[in-house]
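Input: a single structure, listed below in structure tokens.
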Amino acid sequence: MEAVRNSYPTLQLMVDANGDYAIDDAKHLAKLDKYGLTMIEQPLSYSDIYFHSKLQKSIETPLCLDESIHSLEDAITAVELGSCKIVNIKEGRVGGMAEAVRIAEYCHKNGIPVWSGGMDETGIGRAFNIHLQTAPAFTIPGDTSETKLYFTEDIVTPPVTLDQDGYISIPEGPGIGVKVEEDMVKKFEINREELI
Ligand SMILES: [Mg+2]
């Protein structure tokens, strides 16, 4: 972080620990405060909310919870305990679009900025992810990748692409805005069941 911060003094920076630290590392993690990070994401265990509250009280850098949040109830617990100052919402992790919107609305009302990272979605999930990020609570830049980063061929058109300024256009067709290409689904299918 020191090397990156020295090279880019004003860039918005964040780190994601993916649960690799323990509460005993609190003093070590506090050393990151001097780099002015936007957040440290998920420093402690995926199953923890409580120890994040202790860690957040001992460091200045905002903590963001990702894998610990599986539902609105988890988000409420985290906010009430002071376990984080930011939440990463992935609709695939919290059980779908409706729960993702509930969490976003709750966080928005409680002054907790949210953002959204992608998982390994095909273009269907990726389109949902982009639409989710148009909600007012999403004030931190999203982490949606171009289709070609994970797939040489996807099952929807058009693919997600970045423009020259790093922006992604919102799919504008009916529904989620992308078309499922049945030929591509058939090409990649490993099993088929037909319902009458
Ligand atoms: Mg993460």
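The values are calculated or read from the model by the stated rules, or taken from the named source; none is laboratory data. Predicted, not measured: the structure shown is a model, and the values here were computed from it. With ideal geometry, Cβ positions are generated from the backbone for all residues, glycine too; neighbour counts draw on all protein chains shown. Keep in mind that these areas ignore ligands, DNA and RNA; they rest on the heavy atoms of the full protein, side chains included. Shrake-Rupley method; radii C 1.70, N 1.55, O 1.52, S 1.80 Å.
Residue by residue, here is whether (1) in a strand (DSSP E or B); (2) under 17 Å from residue 120 (Cα atoms); (3) open to solvent by 50 Å² or more (accessible area, probe 1.4 Å) holds:
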residue	(1), (2), (3)
140	no, no, no
148	no, yes, yes
153	no, yes, yes
162	no, no, yes
170	no, no, yes
173	no, no, no
177	no, no, no
183	no, no, yes
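Is it true that residue 125 is in contact with an Asp or Glu (Cβ under 8 Å, 6 or more places away or on another chain), modelled with pLDDT of 90 or more and not polar (S, T, N, Q)?
In short, yes.
In this structure, is residue 99 out of contact with any Asp or Glu (no Cβ under 8 Å at 6 or more places or on another chain), of a type outside the set (Lys, Arg) and surrounded by fewer than 23 Cβ atoms within 10 Å (Cβ to Cβ)?
no
Need pairs with beta-carbon distance below 6 Å; first residue within 22 Å of residue 16 (Cα to Cα) and within segment 106-119, second open to solvent by 40 Å² or more (accessible area, probe 1.4 Å) and away from the ligand (no atom under 15 Å from the Cβ); sequence gap 6+ or separate chains.
Pairs found: 113/139; 116/133.
Quickly run through segment 108-124 and pick out the residues that are surrounded by 17 or more Cβ atoms within 10 Å (Cβ to Cβ) and away from the ligand (no atom under 16 Å from the Cβ).
112, 122, 123
Could you check segment 135-154 and list, in sequence order, the residues that are β-branched (Val, Ile, Thr) and under 12 Å from residue 114 (Cβ atoms)? Step through it out loud before you land on a result.
The initial filter retains those residues of segment 135-154 that are β-branched (Val, Ile, Thr), namely 139-140, 144, 147, 152.
Correct list: 139, 140.
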